[in-house]
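What follows is calculated from the coordinates using simple rules that are stated; it is not laboratory data. Here the structure is a predicted model, which means the values were calculated and not measured. Neighbour counts are summed over all protein chains in view; Cβ atoms, including those assigned to glycine, are modelled from backbone coordinates with ideal geometry.
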Amino acid sequence: MLKIRLTRLGAKKNPFYRIVVMDSRKARDGEYVDQVGYYNPKKNPAEVKLDVEKAKDWISKGAQPTDTVRAILKNNGAL
């Protein structure tokens, strides 16, 4: 089953996340199928870059977003 979820990058206490499509059985920072965007919660306001068309395409193919990613998608008009 494919999930749209966050994968963590960045230094200790300075997180930076990629929004990726990956198999739900893979590790959080494991190999992903496609990158949809990124999310930087440390900026004020939080910085989000999202390829809305790619996200909609993956959702139509059956990928399920996690709760956090679902909120990000709703805020950016992808859902």
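How long is the gain from Leu9 to Lys49 if the chain were fully straight, where each residue apart is worth 0.36 nm and the alpha carbon distance is subtracted?
Numbers: separation 40, 0.36 × 40 = 14.40 nm, distance 1.52 nm.
Net length gain for the segment: 12.9 nm.
Would you pull out the residues with amide H under 5 Å of Leu79's amide H, same chain only if 5 or more places away, H placed 1.01 Å from N?
Distant-sequence amide H within range of Leu79: Lys74.
Count the net charge of all other residues whose Cβ sits under 15 Å from the Cβ of Lys12, scoring Lys and Arg as +1 and Asp and Glu as -1.
It works out to a net charge of +2.
Can you give the charge dipole size of the chain about its Cα centre, rounded to the nearest 20 debye, using +1 on the beta carbon of Lys and Arg and -1 on the beta carbon of Asp and Glu?
Taking the Cα centre of the chain as origin, the dipole is about 340 debye.
Net charge within 12 Å of Leu73 by Cβ-Cβ distance, Lys/Arg positive one each and Asp/Glu negative one each, not counting Leu73 itself?
That sum, taken over residues with Cβ under 12 Å, equals +3.
Quick one: Karplus J couplings for segment 50-62, per residue in order, coefficients 6.51, -1.76, 1.60, θ = phi - 60°, nearest Hz, x for Gly and Pro?
Values, residue by residue: 9, 8, 4, 5, 5, 5, 4, 4, 5, 5, 5, 7, x Hz.
Distance cut-off 19 Å, Cα to Cα: go down the list Lys13/Lys54; Lys12/Lys42; Lys26/Lys54; Lys12/Lys43; Lys3/Lys43; Lys12/Lys49 and report the pairs above it.
Beyond 19 Å between Cα atoms: Lys13/Lys54; Lys26/Lys54; Lys3/Lys43; Lys12/Lys49.
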